[in-house]
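Just so it is clear, none of the values below were taken in a lab; they were calculated from the coordinates. Every value quoted in this text rests on a predicted model; they were computed, and no experiment measured them.
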Amino acid sequence: MLGTVAIRSNMALLRHARGMVALTAGRHEEAFGHLWRVYDPGDTTFHSTWRHWMISDLADAAVTDAHRETARSALAELEDIGARTPAPLLHAGLRYARAVLADDDGAERLYLDALAADLSEWPIARARLLLAYGVWLRRQRRILDARVPLRTARDSCDALGLLAWGEKARQELRATGESSETRVPTTTEQLTPQELHIAKLAAGGLSNREIGQQLYLSHRTVSTHLYRLFRKLGITSRGQLRDIL
């Protein structure tokens, strides 16, 4: 029985991941198809718990009228669950989905209510909410009003590493007539995950041979990786590496 639960959870997680890849690439129809399967009781991917944390993503993917109505049905069901539990992440998602899925005449009040909530523990939720509000304002042709949340969303997404959403904020800002420079990757983002791991070990004082023993690499391979990452970072010594990291 435990194995079945774990399998269903993994299937829901995989479906969520595929939905998010499609969503951040702007493929909303595909994203909705992946995400909705976690909400559909007749689907093998249905998961009664995972759907609680995905309502923001489902709302973002619901761009057609038919999908919006479907997402609203999921929202209504989760509202009943939210009335019985104080789970902060669930309520952050509910507030977001209410605003995103609302008709234009009621959307602004819901956006402001959501932004007024304490999201200090949920910076990603706040960044996405600001982005969605800024997009809504721009589409209402409230250009000057839209720029403030879009700027904040851009900066927050950049700081949090939400690259796709940061770029979305830049595109929306450009649509308001405000230039927004392309984000410059941080120093460590220029490295592959393996290079970054090796760099941290080297900065911590380990020799090439010691790093190799930890990562099951030859010391020559470690030396090659260090040579490449030194060139990427424009440095020549481990002392400089410590300063950068």
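Observations
- Here the 3J(HN,Hα) profile of region 45-61, calculated from phi with Karplus coefficients 6.51, -1.76 and 1.60 at θ = phi - 60°, is 8, 3, 9, 5, 9, 4, 4, 4, 8, 10, 5, 4, 5, 4, 4, 5, 6 Hz, Gly and Pro shown as x.
- Two-decimal Rg/Rh across region 1-64, once Rg and the Kirkwood Rh are taken from alpha-carbon atoms: 0.99
- In plain terms, the C-alpha convex hull of the chain casts an average shadow of 17.3 nm² when viewed from every direction.
- Each residue of region 103-109 is assigned a 3J(HN,Hα), and the resulting list reads 5, 4, 6, x, 5, 4, 4 Hz, derived from the Karplus form 6.51 cos²θ - 1.76 cosθ + 1.60 (θ = phi - 60°), x at Gly and Pro.
- Relative contact order (%) - criterion: Cα under 8 Å, at least six apart; region: the chain: 9
- Taking ILE143, ILE198, ILE81 as the candidate residues, the one with maximal mean-square fluctuation in a Gaussian network model of the chain, Cα springs under 10 Å, is ILE198.
- Rg and Dmax over the alpha-carbon atoms of region 69-122 stand at 11.2, 31 Å.
- For the chain, calculated [θ]222 nm from helices alone, where every DSSP H run of n ≥ 4 adds -39500 (n - 2.57): -23000 deg cm²/dmol
- Pairs of Cα atoms in region 188-244 fall into 5 Å distance bins, from 0 up to the last occupied one, in shares of 4, 22, 36, 26, 11, 1 percent.
- For region 212-221, Karplus couplings with θ = phi - 60° (6.51, -1.76, 1.60), whole Hz, Gly/Pro x: x, 5, 5, 9, 6, 10, 6, 5, 5, 5
- Across region 151-245, Cα-Cα distances exceeding 15 Å account for 64% of all pairs.
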